[in-house]
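Here is the structure we will look at, set down as structure tokens.
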Amino acid sequence: MTNAMTADVFSNLAIPRQSFFADLSVTVGAPQEVGRTAQGFRRVIPITGGIATGVGWTAHVLAGGADFQLVVSDRLALLDARYCLQTDGGDLIFVQNRAVRSGPPELMAKLLRGELLDAPSTAQIYFRCSPTFETASPALRWITERIFTGAGERHPDKVVMRFFALE
């Protein structure tokens, strides 16, 4: 395929843009450490509550969810959080948020111990996520038909995240 043909084939593809969807502050409990498995070091972090705030809406993070973490090396953790939001209008939204958290081994060890990182250290942690949503609400059906991305930061008692919709 020549360069001219390549340009013609791809010229009409939209370049994805992102728009703000929500800020979340998700409170968490003490980690349940399963231990070293064949896949890595397995941890389950209970989700105890929190709040989500978008443009013109708010929701509460319901207790009962969890973040299923797999620490695959001293630099990398794969996260899979599952929980429900309840909007102020009463609608329920199931969230599954898969994430990658990586950084220097000494900072990742601090996070595993539940220690607070200072701002310069936090900037060295790569925490990106891809949330998906399920809901029975007709008014919110559109969130089940989009791709979302986000960034997060771990604190000793919570995780804060900002989610964006890809357009």
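General remarks:
- Any hit, the range 121-133, residues being out of contact with any strand residue (DSSP E or B) (no Cβ under 9 Å at 6 or more places or on another chain) and over 24 Å from T53 (Cα atoms): yes
- Q96 vs. criteria over 20 Å from E153 (Cβ atoms) and touching a Pro at 6+ places or on another chain (Cβ under 8 Å): no
- The range 19-75: number of residues that are out of contact with any helix residue (DSSP H, G or I) (no Cβ under 8 Å at 6 or more places or on another chain), assigned to a strand (DSSP E or B), farther than 22 Å from I147 by Cβ and of a type in the set (A, V, I, L, M, F, W, C): 9
- Within the range 47-58, the set of residues being farther than 14 Å from P156 by Cβ and either in contact (Cβ under 8 Å) with a residue 12 or more places away in the chain or surrounded by 14 or more Cβ atoms within 10 Å (Cβ to Cβ) (or both) comprises I47, G49, G50, I51, A52, T53, G54, V55, W57, T58.
- The C-beta contact set for the range 59-84 (first residue on the phi > 0 side of the Ramachandran plot, second residue buried (at least 21 other Cβ atoms within 10 Å of the Cβ) and at pLDDT 95 or above, distance under 9 angstrom, 6+ apart or interchain) comprises G64/I47; G64/Y83.
The values are calculated or read from the model by the stated rules, or taken from the named source; none is laboratory data. None of the values given here were measured: they were computed from a predicted structure. Cβ sites come from the backbone with ideal geometry, for glycine too, and all protein chains shown count toward neighbours.
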